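The values are calculated or read from the model by the stated rules, or taken from the named source; none is laboratory data. The structure displayed is predicted, hence computed values, not measured ones. Glycine also receives a Cβ, built like all others from the backbone with ideal geometry; neighbour counts cover every protein chain displayed.
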Amino acid sequence: MTMESAIGRVAREQLEDGIVSLFVKQALAEAALTWRRRVRFRRQENAEAVRAYCAMTPAEFEGINARQRWANWRTIPRSLHGRLPAAPCKAVDLCSGVGHSAQVLAYYLPRGSEILGLEYNPEFVRAAEARSYEGAGGEGVKVRFRTQSVLETFRDAAGEPLADASVDLVNACGALGIHFVEADLERLLDEVARVLKPGGLAAVDSGSEGVDHARMIRMFEKRGFETMGRAKSCFLDRFTHLCFRKPPLK
């Protein structure tokens, strides 16, 4: 079985609905939020986006994140394929929402890995903590969450700052290239560079309306990162998941 067919098989097994029903679900959820509740979350300025997401319930977020959840099961494994160490990893999942992307990471990271999700909305964090996280072999995976802005110093679940060069992977799906202006991203990427080990990976999204993939690549390469690859969920996807490697020690 090829890598692509294996990714597709896993995605179908993990999701109850197909892409058409998920797109319909998202469209209906977004229409209800926009016109009935007047919640508009498609904002590039982070403060405005945060207010919109904090006005949602976890159930409403499940609806508007339906397409992204489908995409995560395709873009994350494509970005990380052949680039992860064989040993257990420590990963940080930025803007982790209700745990959708953390579930993908749990499945694909090496056995024994640990994941920390950082999410601003405490209701989303509680929903994420109630989920189960399993590896490809069905084993439980250690996943912890912290309520905080990703524009602050990254901290662990106990509130302690993450040590310099202590993380193997930083992941972000459907957030960085969409809900952050470039000035905020500069600060956030400095923190990503601080916590990543030499040779560590950053797998992040780039937007079509916000920070596109060309600008995201320039911002990482300015910090010495090497661009390793890019992935889309399908050829029609407007968003690109990019993979970068922090330079190893010489």
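A quick yes/no check of all residues on (1) outside any loop (DSSP other than H, G, I, E, B); (2) out of contact with any Phe, Trp or Tyr (no Cβ under 8 Å at 6 or more places or on another chain); (3) within 22 Å of ALA106 (Cβ to Cβ):
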| site | (1), (2), (3) |
| --- | --- |
| GLY138 | no, yes, yes |
| GLY174 | no, no, yes |
| GLY200 | yes, yes, yes |
| ASP205 | yes, no, yes |
| ARG230 | yes, yes, no |
| LEU236 | no, yes, no |
Filtered residues of the stretch 55-96 (kept if closer than 15 Å to HIS179 by Cβ, modelled with pLDDT of 95 or more and in contact with a helix residue (DSSP H, G or I) (Cβ under 7 Å, 6 or more places away or on another chain)): SER96
Test: residue in the stretch 47-54 that is modelled with pLDDT of 70 or more, of a type outside the set (Val, Ile, Thr), farther than 29 Å from VAL181 by Cβ and out of contact with any Pro (no Cβ under 9 Å at 6 or more places or on another chain): no
Those residues of the stretch 203-250 which are surrounded by fewer than 19 Cβ atoms within 10 Å (Cβ to Cβ) and among the polar types (S, T, N, Q), in sequence order: SER208, THR227
So ALA158, is it at pLDDT 95 or above and small (Gly, Ala, Ser): yes
Out of GLY177, GLY117, sole residue that is under 30 Å from PHE235 (Cβ atoms), touching a helix residue (DSSP H, G or I) at 6+ places or on another chain (Cβ under 7 Å) and free of Cβ contacts under 8 Å to residues at least 40 places away in the same chain: GLY117
Filter result (in contact with a strand residue (DSSP E or B) (Cβ under 8 Å, 6 or more places away or on another chain) and assigned to a strand (DSSP E or B)) within the stretch 177-198: LEU196, LYS197
Some residue of the stretch 168-177 being modelled with pLDDT of 95 or more and surrounded by fewer than 18 Cβ atoms within 10 Å (Cβ to Cβ): no
Residue that is touching a residue at least 24 places away in the same chain (Cβ under 8 Å) and either part of a loop (DSSP other than H, G, I, E, B) or polar (S, T, N, Q) (or both), where the choices are VAL170, VAL143, VAL150: VAL150
